[in-house]
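Everything below concerns the one structure shown next.
The values are calculated or read from the model by the stated rules, or taken from the named source; none is laboratory data. Since this is a predicted model, take the numbers as computed values, not measurements. Because the Cβ atoms are built from the backbone with ideal geometry, glycine has one as well, and the counts that use them run over all protein chains shown.
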Ligand SMILES: [Fe+2]
């Protein structure tokens, strides 16, 4: 089995163990939901056309393509949040606030579900006993958990600004937006620099 190298890891956290059956089911559901986000297909249509195979047989090239798609959607989200933060309070587009607050948590959750149910198990299947990779993936799982909690706060903050602008703390909201998208950009940059090359190396040896 091909072994892959891992970058230095930070603080490890929770384990995300799931059964093979649950993982396979989640994979199919995630592929369906990803297609909905990326291509405007219904979940049913996407599910019928999805390449439903066990995680270990998912081609690394397909996984890297999906990962790149999620990164692109999240990067666009970061740009929109930065635009909102820059325009607060007088020039903000309230329609954009509503639009982003409704999509924010879903975008983040879909990306994390894909990585934790498809991408990470694929990497782990090629690196048994690689403590550095395991620690890295644990750190990324922890950052996912943090970002999902943070995304809910940001969505609530944007909602509050739209529905009760007179009582909104604009400085606090702008600070929160910047904290969220800056952290998310760092997470994406790390995955692009370290995780994506691992997938490309796997693809090269198959
Ligand atoms: Fe991630």
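Residue-level check: of (1) more than 16 Å from the ligand (Cβ to nearest atom); (2) crowded, with 20+ Cβ neighbours inside 10 Å, residue 95 misses just (2).
Given the condition within 16 Å of the ligand (Cβ to nearest atom), crowded, with 20+ Cβ neighbours inside 10 Å, at pLDDT below 95 and assigned to a helix (DSSP H, G or I), answer yes or no: does some residue in the range 47-63 qualify?
yes
Across the range 162-206, the number of residues qualifying as more than 16 Å from the ligand (Cβ to nearest atom) and part of a helix (DSSP H, G or I) comes to 21. Screening residue 108 with (1) within 16 Å of the ligand (Cβ to nearest atom); (2) over 15 Å from the mean Cα position of the chain (by Cα) gives one miss only, at (2).
Residue 147 - would you say it is loosely packed, with under 15 Cβ neighbours inside 10 Å and within 28 Å of residue 166 (Cα to Cα)? So residue 147 fails the test.
Just to be sure I understand, how many residues within the range 120-141 are within 16 Å of the ligand (Cβ to nearest atom) and not in a helix (DSSP H, G or I)? Lay out the reasoning, then the answer.
Step one: of the range 120-141, the residues within 16 Å of the ligand (Cβ to nearest atom) are 120-124, 133-141.
After this cut, where a residue has to be not in a helix (DSSP H, G or I) as well, the list is none.
Number satisfying all stated conditions: 0.
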